[in-house]
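*Asks:* Mind having a look at this structure? Questions to follow.
Nothing in this text is a laboratory measurement; each read-out follows from the coordinates by a stated rule. Values in this document were obtained by computation on a predicted structure and should not be read as measured data. Because the Cβ atoms are built from the backbone with ideal geometry, glycine has one as well, and the counts that use them run over all protein chains shown.
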Amino acid sequence: MDVNELKEEVAKIEWWHRIDLGYGIVTPGRGNNFKTLPALELPDDLTGKTVLDVGAWDGFFSFEAEKRNAARVLATDSYSWYGEGWGTKAGFELAREVLDSKVEDMDIDVLELTPEKVGTFDLVLFLGVLYHMRHPLLALEKVFSVTGEMLILETQVDMLGFRRPAMAFYPGAESHGDPTNWVGPNPKCVVAMLEVVGFKEIKVFPKKRSFPEKIGKAGQIVLRHVLQREQKARYVFHAWR
Ligand SMILES: C[S@@+](CC[C@H](N)C(=O)[O-])C[C@H]1O[C@@H](n2cnc3c(N)ncnc32)[C@H](O)[C@@H]1O
């Protein structure tokens, strides 16, 4: 395929990720992956490690793990690859071909993940998926079951004003107008869920905040008003078995 043909192929696809394909072509994704990557604190050197990217979509983070020398990378997804209208697998497949990548793929739902079906991986990436889960604790149990050493989880969080573990439930499309967003746990809730499913050591990295960490001297009425609103941000968690 020459550069013009490649440009035509790229233009046919509705991309989520911005992926540098070389030849001066960066895919026109709607996602924030270039900003998310540095926030993940992904180890620079993954030599010899096996990596599972759960909910990989166009595969940007899978290809990144491969670039960092991972011995094996498996990208899994279902909803965006074969599901109800978020996109297709065409972006992943084109990028894999153009990047001459060896990243493997499997069409599997998060709740179907088991060591028997996919094996276990030194590093599991669970990025931008938790809040799409109707059963978040069950999803984390499944993710734990296939994690050999370490999990990197990135998620939208909510309920930041609550000191106890708390999780917003979005029965409709109230979170970003997206009916596939089901939950907004606060960081304490994410940590608690990770511990409940079996992770032993957990580190928290706030990515960006839309709510002040300290409410300070705000009076009770102001506080109550503030707590009615969504208090969203994106956080990254590292968890070890
Ligand atoms: C917001 S996108 C995040 C994509 C990518 N991980 C990233 O961080 O840019 C959410 C991803 O989760 C996937 N997903 C949603 N529900 C899923 C499910 N039940 N099983 C597997 N993947 C799912 C979607 O297909 C999509 O690829």
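*Asks:* Can you put Tyr131, Tyr79 in order, fewest other beta carbons within 10 Å first?
*Replies:* Tyr79, Tyr131
*Asks:* Please label the shape of region 101-204 as rounded, prolate or oblate, based on the square roots a ≥ b ≥ c of the eigenvalues of the alpha-carbon gyration tensor (a/c under 1.5 means rounded; beyond that, a/b larger than b/c means prolate, else oblate).
*Replies:* Verdict is oblate for region 101-204.
*Asks:* Could I ask something else about it? Sort Thr36, Thr155, Thr120 so that the residue with the fewest other Cβ atoms within 10 Å of its own Cβ comes first and the one with the most comes last.
*Replies:* So the residues, fewest neighbours to most, are Thr120, Thr36, Thr155.
*Asks:* Taking the Cα atoms of region 3-240 alone, what are Rg (to one decimal) and Dmax (as a whole number) in Å?
*Replies:* Rg then Dmax for region 3-240, in Å: 18.4, 62.
*Asks:* Among DSSP bridges having both ends in region 1-126, what percentage is antiparallel? Round to the nearest 5. Don't jump to the answer; show the numbers that get you there.
*Replies:* Values: 3 of 16 bridges.
In region 1-126, DSSP labels about 20 percent of beta bridges as antiparallel.
*Asks:* What is the order of Phe199, Phe205, Phe61, Phe169, fewest Cβ neighbours within 10 Å to most?
*Replies:* Ordered from fewest to most neighbouring Cβ atoms within 10 Å, Phe199, Phe205, Phe61, Phe169 come out as Phe169, Phe205, Phe199, Phe61.
*Asks:* Loop only per DSSP, at most 14 neighbouring Cβ atoms within 10 Å: give me the trypsin sites (Lys or Arg not before Pro) in region 124-166, ordered by residue number.
*Replies:* Arg134, Arg163
*Asks:* If you don't mind, there's one more thing I want to ask. Which entries of Lys49/Lys203; Lys49/Lys89; Lys117/Lys200; Lys35/Lys102 have Cα-Cα distances beyond 22 Å here?
*Replies:* Lys49/Lys89; Lys117/Lys200; Lys35/Lys102
*Asks:* At a threshold of 8 angstrom on Cα-Cα distance, excluding pairs fewer than six apart, so keeping six or more, what relative contact order does the chain reach in percent?
*Replies:* 15
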